[in-house]
Amino acid sequence: MKTLKTSTLKTIALFAISTMLVSCFKSKETKYEDSSQIPVNLEMTAELTAPPHVPTPVGKRKAKKLIVKMEIKEQEGEITEGVRYVYWTFGGSVPGSFIRTRVGDEVEFHLQNHPDNKLPHNIDLHAVTGPGGGAESSFVAPGHEKVFSFKTLNPGLYVYHCATAPVGMHIANGMYGLILVEPEGGLPPVDKEYYIMQGDFYTKGKNGERGFQPFDMQKAVDEKADYVVFNGSVSALTGDNAISANVGETVRLFVGNGGPNLVSSFHVIGEIFDKVYVEGGDLVNENVQTTLIPAGGAAIVEFKVDVPGTFILVDHSIFRAFNKGALGMLRVQGEENEKIYSGEQYEGIYLPEGPGIQEMPTTGEIVESKVPAKNIDEQLEFGKRIYMQTCFACHQAEGQGIPNAFPPLAKSDYLNADVDRAISAVINGLTGEITVNGKKYNSVMTRQMLSSEEVADVLTYVYNSWGNNKTVVTKEMVDKVKGKK
Ligand code: CU
């Protein structure tokens, strides 16, 4: 009897405690109809990251006072090999540091303008509800700091940018980035997250013209971009800088577009987006091939990677990808799955091709390079670069060509027998049957729109590689052949 009584009491007590716990938990989960009413407790300093990395997810943390300290730095960098450019940056990178918040956070933003900078700047965050998105409160001179606060009312992925006049110039120089406002409870967990932002750049010299290149305002006004890139430079996401994942993982990309001018048709070659948070908002679309990312806009894309290989990220306005730099790589490692993909893999088709203009054999204007090679070593270096961009796809990495399609350049009797004929092939193109090393080829070689310097460099590289006869081709030799035509 006594025992029964005790256990009954215990049961009642347990029931009462568990009810209290449930109600407590429920009150923690309160959904606020009005985000401005979400209370903040405690403060923390925001973790900021340079692309392609993102800060730790907010998870289940409560809304807080979030201190963001960001420094503006004007600094020189390389937009592509051999081309220097002065970027204006939020936090020292293009795009600027990634800011990760949750809805209801009260952000205290400290914007610092480095003392060595030459210009005033400010920040307009699209996540801000208020005049100028913060721009009116944050105009800051070199060596100074401005502080302003805002509450994150709407979850989503938002662009921020400088809005100091001339606004277009500040944005064109790289002054943009992303701020993520996660919903209550955070975004669903995934395996890999990366930060990618497209931007268009305008330089005095044409794409690939070596040396220091200043910003070209007229080209920017005319919307004639020399470079369209992910994360600030042509090679920011290729080669050793590629992003990575393992087979079976889900990848989430936070993709923004700083513009200033161009809209991005964002696509990953060989993948289908399982989910797209359209325009970075609440609407989720599924099974998407290419998603539009407006200038000053963003999207979150997610996909599970099922097979290994290199997946190419592009702006599917495709000349931008292969000729202006909007090309990145995602390397996926793991087991093959032949049910999904048969496996015949051919690395090398999708490589940046650079600025070389190629035409079918006719005539046209060619601009001479302003920075010629100073010596044979430079000539070989420049020549190799041109080769990788212009000749590689057909003639291959070791000059071996492709059987029955494109003739070899390695130990080529055709090349070694007649340098003027080789020069002519490059500058005028080549059609009709030829015999190389005893085999017949009948394909079309396009006319390469290269300057005389560039033709000399690439042919010198070819003649000094793969067992050829080490001829050094000069600009004068190329000009002589041009004169004959
Ligand atoms: Cu600025």
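For the chain, the longest principal axis of the alpha carbon atoms and the long axis of helix 419-428 meet at an angle near 50°.
For the stretch 252-300, the fraction of C-alpha pairs more than 19 angstrom apart is 18%. By definition, a body whose alpha carbon gyration tensor gives a ≥ b ≥ c is oblate when a/c is 1.5 or more and a/b is not larger than b/c, and the stretch 51-112 fits this oblate description. Could you list which residues have their amide H under 5 Å from that of Ile72, counting only those 5 or more apart in sequence or on another chain, with H placed in the peptide plane? HN-HN under 5 Å from Ile72: Gly91, Gln112, Asn113, His114. Measuring against 30 Å, Cα to Cα, the residue pairs Lys206/Lys482; Lys73/Lys224; Lys440/Lys482; Lys69/Lys224; Lys374/Lys480; Lys324/Lys374 contain Lys69/Lys224 as the ones spanning a longer distance. Each of Ala417 and Ile272 was given a label point 7 Å from its Cα along the Cα-to-Cβ line. The distance between the two points is 5.2 nm.
Near Leu187, the amide H atoms lying under 5 Å from its own belong to Val58, Gly59; only residues 5 or more places off or on other chains count, and H is placed 1.01 Å from N. In terms of the mean number of neighbouring beta-carbon atoms within 10 Å, the peptides 68-78, 93-103 order highest first as 93-103, 68-78.
So what's the gap between the Cα centers of the stretch 168-247 and the stretch 376-436, to the nearest angstrom? Taking the Cα centre of the stretch 376-436 as reference, the centre of the stretch 168-247 is 34 Å away.
Given +1 at the Cβ of Lys and Arg, -1 at the Cβ of Asp and Glu and no other charges, the dipole of the chain around its Cα centre is 940 debye to the nearest 20. Taking a sphere under 15 Å around the Cβ of Lys192 and counting the other residues whose Cβ falls inside, with K and R at +1 and D and E at -1, yields a net charge of -3.
Near the amide H of Val436, within less than 5 Å, lie the amide hydrogens of Tyr441, all on another chain or at least 5 residues away, with H placed in the peptide plane. Each helix, a run of at least 4 DSSP H residues, gives -39500 (n - 2.57); summed and divided by the residues of the chain, these come to -6000 deg cm²/dmol at 222 nm.
When each of the peptides 239-245, 38-44 is scored by how many other beta carbons lie within 10 Å of its residues on average, the order from highest to lowest is 239-245, 38-44.
Compared with the dominant Cα axis of the chain, that is its longest principal axis, helix 376-386 is turned about 60°. Inter-part distance, the stretch 443-485 to the stretch 89-151, computed on C-alpha centroids, equals 51 Å. Among Met197, Met217, Met445, a tally of other beta-carbon atoms within 10 Å of each Cβ gives an order, fewest to most, of Met217, Met445, Met197.
Rounded to the nearest Hz, the phi-derived 3J(HN,Hα) couplings of the stretch 454-463 under the Karplus curve 6.51 cos²θ - 1.76 cosθ + 1.60 (θ = phi - 60°) are 5, 4, 4, 5, 5, 6, 4, 4, 5, 5, where x marks glycine and proline. 3J(HN,Hα) couplings calculated from phi for the stretch 249-261 with the Karplus curve 6.51 cos²θ - 1.76 cosθ + 1.60 (θ = phi - 60°) are, in sequence order, 8, 9, 10, 10, 10, 8, 10, x, 9, x, x, x, 10 Hz; Gly and Pro show x. Here the 3J(HN,Hα) profile of the stretch 400-410, calculated from phi with Karplus coefficients 6.51, -1.76 and 1.60 at θ = phi - 60°, is 7, x, 10, x, 6, 10, 10, x, x, 9, 6 Hz, Gly and Pro shown as x.
The Stokes-Einstein estimate for the stretch 123-239, based on a Kirkwood radius over Cα pairs and taken at 10 °C with 1.306 mPa s viscosity, is a diffusion coefficient of 96 µm²/s. According to the Kirkwood relation over distinct C-alpha pairs, the hydrodynamic radius of the chain is 25.6 Å.
We did not get these values from a lab; they are worked out from the coordinates using the rules stated. Quantities reported herein were computed from a predicted structural model and do not represent experimental measurements. FYI the Cβ positions are ideal-geometry reconstructions off the backbone, even for glycines, and counts take in every protein chain you see.
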